[in-house]
Each structure stands twice: as structure tokens, then as C-alpha cells.
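S.K.: Handing you this structure, nothing more for now.
Each reported figure results from applying straightforward, stated rules to the coordinates on display, with no laboratory input. This is a predicted model, so every value here is computed, not measured. Cβ atoms come from the backbone with ideal geometry, glycine included; neighbour counts cover every protein chain shown.
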Amino acid sequence: MRMRIIRGRRAHRHWEDEHHGAPERGAALVEFALILLLFFLLIFGMIEFGVDYNNYIAVRNGTREGARVGVVNDLKGAPSCTIAGTTVTPPSTPASQTDWTNALICKTKSRIGLKSASIKVQILVPNPTIGGTLQVCASYPVGSVTGLVAPFVSGKTLVSSVTMRLEQVPKFTSYNTEGTVC
């Protein structure tokens, strides 16, 4: 290749003609990588938020339905569930106060519809008479599907508490041994 000395504006154009815009291609690749990273963070962040919000709605609705079932004593035929690490199967027609309490807990967990072993339920019956109140509280740990937001949500829980007026004398009792904080 023969060396030519070109001065002025033509020198710059001559360099571009020989190198075909190589520095611009590298810069464009770096910019594309940065934009792509931000785009994926935004998309996966929306997915994580959607899953956690759906879980919150499930906890809220299931807690409300569990409280409704409790105030009318509709606790027959409760499904089995995990209570404090032990699988419990309430009898189809509960006989003791413990059976009725387990049935209310299992029906509440069933109505929430998430992983039963991770749901914690608290039942408070301060005045067990008609017209008294029943408070059902449930909590569920916030999770991360992609692991992207795991550092931000670790240790957080979704909590819902519902208080309703008793329509019948409750056959169950207060319960708070799973460590639910309401």
C-alpha cells in the first residue's frame, strides 16, 4: 500500500473510506447490549410483579372466603392441608373443637389456592357469641420466579386480615401457632 499524505477535509474522508466506519460499529454494539439489558430487566420485572400481585390477590380473596366460611360454620368436608409442618386431614364431619379449628384452617388454605405448606393462618375469636367477631389472617412468602428480584423480596410476606361478625356460635377456637403476624 502506498502512503499518501492528504491534508484537510479530504484526509478525514479518506480514513473513513479505508476503515469503513469500524469504531462506529463497536459503539453501536455496546449501545445495543446496554439497551437490551435494560429491556430484559423491565420485561422480567413486570413478570415478577405480575406473579406477586396475583399471589396477593389469591391471599386476599382466600382469606375473605375463609372468614366467610368460619362465620357460618360451614366446615364440613374440609380438604387435608399442612398445619405447622404436619399434614392434617380433618374428618368430614368434625367432632371436637380441634377438628373444627383444623377444618377452618384447611378450608382457608384451600381457598387461597397457593402452596399449602407455605401459607400461615391465624384465627382470632375474642368473643365467641353471635354478634362477636372472627378475624382470619393469612400470610404467604413473596417469591421470585426468575431470581431477578430475589435480593429485594427475600424475607417479605403477603399478609391479609379479614374481620367479620359471627352469624353462628363458633365451634372452633382461636389459633396462632404457625407464627402469622397480623
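S.K.: Over the Cα atoms of the chain, what is the Rg over Rh ratio if Rh follows Kirkwood? Could you put the intermediate results ahead of the total?
M.R.: On the way: Rg = 30.2 Å, Rh = 20.2 Å.
Result for the chain is an Rg/Rh of 1.49.
S.K.: Follow-up question, since we're still on this one. What net charge do the residues around THR89 carry, taking every other residue with its C-beta under 14 Å from that of THR89, with Lys and Arg at +1 and Asp and Glu at -1? Working shown, then result.
M.R.: Numbers: positive: LYS76, LYS107, LYS109; negative: ASP99.
Its environment carries a net charge of +2.
S.K.: List the residues, sorted by chain then number, that are 5 or more residues from THR157 or on another chain and whose placed amide H is less than 5 Å from its amide H.
M.R.: The list, which skips near neighbours in sequence, is VAL142.
S.K.: Now for a different question. Enumerate the helices in the chain for which the Kyte-Doolittle hydropathy averages 0.0 or more and the C-alpha atoms extend at least 27 Å along the helix's axis, using complete DSSP H runs. Show your work: numbers first, answer last.
M.R.: Details: long enough: 22-71 (74 Å, 0.78).
Sorted by number, the helices that extend far enough and score high enough are 22-71.
S.K.: Which of ASN102, ASN73, ASN127 ends up with the largest GNM mean-square fluctuation for the chain, with Cα atoms connected below 10 Å?
M.R.: The residue that fluctuates most here is ASN127.
S.K.: May I pose another question? Could you give me the ³J(HN,Hα) list for the stretch 75-92, computed from phi with Karplus coefficients 6.51, -1.76, 1.60 and θ = phi - 60°, whole Hz, x at Gly and Pro?
M.R.: Using θ = phi - 60°, the values come out as 10, 7, x, 6, x, 6, 7, 9, 10, 6, x, 10, 6, 10, 10, x, x, 4 Hz.
S.K.: Within the chain, what is the longest stretch that has no trypsin sites (Lys or Arg not before Pro) placed in a DSSP loop and near at most 15 other beta-carbon atoms within 10 Å?
M.R.: 8-75
S.K.: What FRET efficiency do you get for THR93 and CYS182 if R0 is 30 Å and r is their Cβ-Cβ distance, rounded to the nearest 0.05?
M.R.: 0.50
S.K.: Just to check I understand the Karplus step: with θ = phi - 60° and J = 6.51 cos²θ - 1.76 cosθ + 1.60, what whole-Hz values come out for the stretch 149-159, glycine and proline as x?
M.R.: Those phi angles translate into 9, 3, x, 8, 10, 5, x, 8, 10, 8, 10 Hz.
S.K.: Right, something else. For VAL88, which sequence-distant residues (separation of 5 or more, or a different chain) have an amide H within less than 5 Å of its own amide H, given hydrogens modelled in the peptide plane?
M.R.: Residues meeting the amide H criterion: CYS81, THR82, ILE83.
S.K.: According to a simple spin-label model (label point 7 Å from Cα along Cα-to-Cβ), what is the distance in nm between LYS76 and ASN127?
M.R.: According to this spin-label approximation, the distance is 3.0 nm.
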